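Visitor: The structure that follows is given in the form of structure tokens.
Every number in this text was worked out from the coordinates using simple rules, so none of it is lab data. If you're wondering where the values come from, they're calculated on a predicted model, not measured in any experiment. Cβ coordinates were reconstructed from backbone atoms using ideal geometry, including for glycine residues, and neighbour counts include every protein chain displayed.
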Amino acid sequence: MKQLPRLSIAQIWNMSIGFLGIQFGFALQNANASRILQNFGADVEHLSWFWLAAPVTGMIVQPIVGHYSDRTWTRLGRRRPYFLFGAIFAALALIFMPNSGSLAMFIPPMFIGAGMLMIMDASFNVSMEPFRALVADKLPNEQRTMGFSVQTTLIGIGAVVGSWLTYVLAEWFGVSKVAEDGGVPDNVIFSFYVGAVVLLAAIIWTVVSTKEYSPKELKDFGVSTEEENTNEKDAGFMQIFKDFAAMPKTMKQLGLVQFFSWLALFGMWVFTVPAIAQHVYGTSDPQSAAYNDAGNWVGMLFGIYNGVAAIFAISLPFIANKIGRKSTHAISLTIGALGLLSIYFINDPMMLILPMIAIGIAWASILSMPYAILAGSLPAAKYGIYMGLFNFFITMPQIVNGIFGGPIIKRLFDSQAIYALIIAGVSLLIAAISVAFVEDKHK
């Protein structure tokens, strides 16, 4: 019986290029959603509540997409229809979100912006989950760490450009970075337009350049498909819950690592702009020039950590081959935790580059090592559903942080957002310790 063939480096890059576009849009959202919502009138206490749109939609959408993409066989392929559908709706949300103020006469723009954030995240999730499953579909086990590392590199490239774009437009091209009360600066609006175009172009590249294996080909390679299991096919939507109850042991163990990793990441994404504005730039006024300078600089900093992740991801397969995937992940998370904790002691904007380098190392590992460890423990016929269900351990901590993070910062720390980053650092340390309890079946 034939095995899944090894793919060339070019083929691995082509099948993952769409992730560059997804992360381009995701980076624009991460760096700018909080200040857009604050420009529309959101209080710092409530920011994390609006950001709940992301994990809630991810928790619902990804398992469903995973379940049905395992069963989808069309002329376009198995996973590719979901890439394309999600990209179209994400692009539309990127266009409309910064323009939410134009509908203020009907609905408060803050709520329209939150609605666009929800649509954008749902669409990102529709596109994102099948990309994870595609690596498991197409690559033999010995190439999967490489596959997820290439995805991480492309994620980093997209995120660097997406994160830096608002700063570049304002500082290099003179696009206005200050808006009227209740509005969004032009540099942010134009950045979101560019993000929509890049997202669609990158997804179309993957759709056109990558061929998926047919059910017959997968059978020849010794890979069973959901279509062969009549009982599960008849179970329909309820099979999702049965698969969740029967998740592999390694997936449960990785769940704890993911919980504390993404608890930290969510806090960082939501609170870094107000934290840096207050702690370094000395302002809490979202309409001030200093606050917008802080927002633009955070975009640059987020680009730096994503750039570091893109570079570091290339080395991950070699490091993991030497010391193991678990040790690689634990060390990377520890470095990221120290970076987050160090921000409290920094008052110079330029010095913030150093913790971003550390965070980039952790981010590269978070985007690749857990999936490389997980893929080896999954039944081949269920890559899609289990990659989708694995997202539960990403979305649940974000929901927890989203509900309690804002009130904790306001009531326990007098709205000083810097303490959200300290909590994030401690969470990453706990995640690093939790790696020790994970069983890696294919080291």
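Visitor: Ranked highest first by average number of other Cβ atoms within 10 Å, how do 400-411, 152-163 line up?
Guide: 152-163, 400-411
Visitor: What does the C-alpha gyration tensor say about the overall shape of region 281-327? Classify as rounded when a/c is under 1.5, otherwise prolate if a/b is larger than b/c, or oblate.
Guide: prolate
Visitor: Let me ask something else about it. Give me the net charge for the shell around Tyr167: Cβ to Cβ below 14 angstrom, other residues only, Lys and Arg +1, Asp and Glu -1.
Guide: Overall, the nearby charge balance is -1.
Visitor: Related question: Could you tell me whether the chain comes out rounded, prolate or oblate from its Cα gyration tensor? Rule is a ≥ b ≥ c as square roots of the eigenvalues, rounded for a/c under 1.5, then prolate if a/b exceeds b/c, otherwise oblate.
Guide: Prolate shape, in that a/c is at least 1.5 and a/b is the bigger ratio.
Visitor: Using mean Cβ contacts within 10 Å as the protection proxy, how do 130-141, 429-440, 204-215 order, highest first?
Guide: Peptide ranking by packing, descending: 130-141, 429-440, 204-215.
Visitor: About the Cα centre of the chain, what is the dipole size in debye to 20, counting +1 per Lys and Arg Cβ and -1 per Asp and Glu Cβ, all else neutral?
Guide: In debye, rounded to 20, the chain gives about 1420.
Visitor: Taking the Cβ-Cβ separation of Phe85 and Trp205 as r and a Förster radius of 22 Å, what is the calculated FRET efficiency to the nearest 0.05?
Guide: 0.85
Visitor: Here's another thing I want to ask about it. When you count, for each residue, the other Cβ atoms within 10 Å and take the mean per peptide, how do 318-327, 77-86 rank with the highest first? Mind showing how you got there, number by number?
Guide: Working: 318-327: 15.6, 77-86: 22.7.
Result, highest mean Cβ count within 10 Å first: 77-86, 318-327.
Visitor: Fully extended, how many nm does the chain gain between Phe318 and Ser176 (0.36 nm per residue separation, minus their Cα-Cα distance)?
Guide: On the way: separation 142, 0.36 × 142 = 51.12 nm, distance 4.46 nm.
Full extension of this stretch gives 46.7 nm more.
Visitor: Hey, how many Å between the Cα centroid of region 262-308 and the Cα centroid of region 335-350?
Guide: Taking the Cα centre of each part, region 262-308 and region 335-350 sit 12 Å apart.
Visitor: Between the helical axis of 109-138 and the dominant principal axis of the chain, each derived from Cα atoms, what acute angle in degrees is found, rounded to the nearest 10?
Guide: Helix 109-138 sits roughly 30 degrees off the main axis of the chain.
Visitor: State, as an integer percentage, the relative contact order of the chain based on alpha-carbon contacts under 8 Å between residues 6 or more apart.
Guide: Computed value for the chain: 29 percent relative contact order.
Visitor: May I pose another question? I need the phi-derived Karplus couplings for region 67-79: 6.51 cos²θ - 1.76 cosθ + 1.60, θ = phi - 60°, integer Hz, Gly and Pro marked x.
Guide: Those phi angles translate into 4, 7, 5, 4, 10, 8, 9, 10, 4, 7, x, 9, 9 Hz.
Visitor: Follow-up. How far, in degrees from 0 to 90, does helix 9-39 lean away from the longest principal axis of the Cα atoms of the chain, to the nearest 10?
Guide: 30 degrees
Visitor: Express the relative contact order of region 293-443 as a whole percentage, based on alpha carbon pairs under 8 Å and six or more residues apart in sequence.
Guide: Relative contact order, region 293-443: 36 percent.
Visitor: Oh, and also: Would you calculate the separation in nanometres between label points at Ser415 and Ile64, each defined as 7 Å from the Cα along the Cα-to-beta-carbon direction?
Guide: 3.7 nm
Visitor: Of Lys138/Lys216; Lys216/Lys242; Lys219/Lys242, which sit over 20 Å apart, Cα to Cα?
Guide: Going by Cα-Cα distance, Lys216/Lys242; Lys219/Lys242 fall outside the 20 Å limit.
Visitor: Angle between the Cα long axis of helix 249-279 and the longest principal axis of the chain, 0 to 90 degrees, nearest 10?
Guide: It works out to around 20 degrees.
Visitor: Please report the net charge: other residues with Cβ closer than 11 Å to the Cβ of Gln11, K and R +1, D and E -1.
Guide: Numbers: positive: Arg6, Lys138, Lys211; negative: none.
Net charge in that neighbourhood comes out at +3.
Visitor: Take the Cβ-Cβ distance between Val197 and Ala10 as r, set R0 to 22 Å, and report the resulting FRET efficiency rounded to the nearest 0.05.
Guide: 0.35
Visitor: What net charge do the residues around Phe244 carry, taking every other residue with its C-beta under 13 Å from that of Phe244, with Lys and Arg at +1 and Asp and Glu at -1?
Guide: +2
Visitor: Right, next: What list of ³J(HN,Hα) couplings, whole Hz, do you get for region 240-246 from phi and the Karplus terms 6.51, -1.76, 1.60, once you set θ to phi - 60° and write x for glycine and proline?
Guide: Rounded to whole hertz, the list is 4, 5, 5, 5, 4, 5, 9.
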